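Below is one structure, written out as structure tokens, with a few remarks after it.
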Amino acid sequence: GREEVATRLVSNEVAIANARQAVEEAATRVICVYAAESYLKQTGKVNKREDMEGRLFVTHVEDFVCSRALDYAVELGQLMKRHFECGSVVAQVEAVRAGHGIGILHDYAA
């Protein structure tokens with residue numbers, strides 16, 4: 001009856017509010033370029049964009065990107081022609097930590 005409909009409406013409103021909050025939190029997350037100190041000692045420091053040319057880019061598997069809006073690595077991928085593609089964020093973090101190259105990582109994961 002009415003109570004069931006009212007309960008569903010409240011549940012839907014809560015679900016929508018939770019979804020909005022999740023989207024807002026995701027939108028405020030920061031991504032930055034990272035490299036291990038060992039990698040930078042071996043290949044030289046990065047002070048400007050052009051310093052990344054020719055470096056190994058630790059990145060995601062392009063086929064796994066579900067939306068072009070989430071493909072924030074395109075510009076750096078064109079700058080750094082050699083790519084080490086990882087199937088997960090954890091693999092990207094570990095590859096960067098191990099000194100394999102430069103990667104774009106979410107601050108919460110790095």
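The values are calculated or read from the model by the stated rules, or taken from the named source; none is laboratory data. Treat the numbers as computed from the prediction; the structure is a model and nothing was measured. Using ideal geometry, Cβ is built from the backbone for each residue, glycine included, and neighbour counts are taken over all protein chains shown. Heavy atoms of the whole protein, side chains included, go into the accessibility calculation; ligands, DNA and RNA do not. Shrake-Rupley method; radii C 1.70, N 1.55, O 1.52, S 1.80 Å.
Residues of region 93-110 that are open to solvent by less than 10 Å² (accessible area, probe 1.4 Å) and not hydrophobic (A, V, I, L, M, F, W, C): 101, 103.
Filtering region 54-90 to residues that are of a type in the set (Gly, Ala, Ser), open to solvent by 40 Å² or more (accessible area, probe 1.4 Å) and modelled with pLDDT of 75 or more leaves 54, 87, 88. In region 42-56, the residues that are of a type in the set (Lys, Arg) reach residues that are open to solvent by less than 100 Å² (accessible area, probe 1.4 Å) with C-beta atoms within less than 6 angstrom, at least six apart or across chains, in these pairs: 55/80; 55/102.
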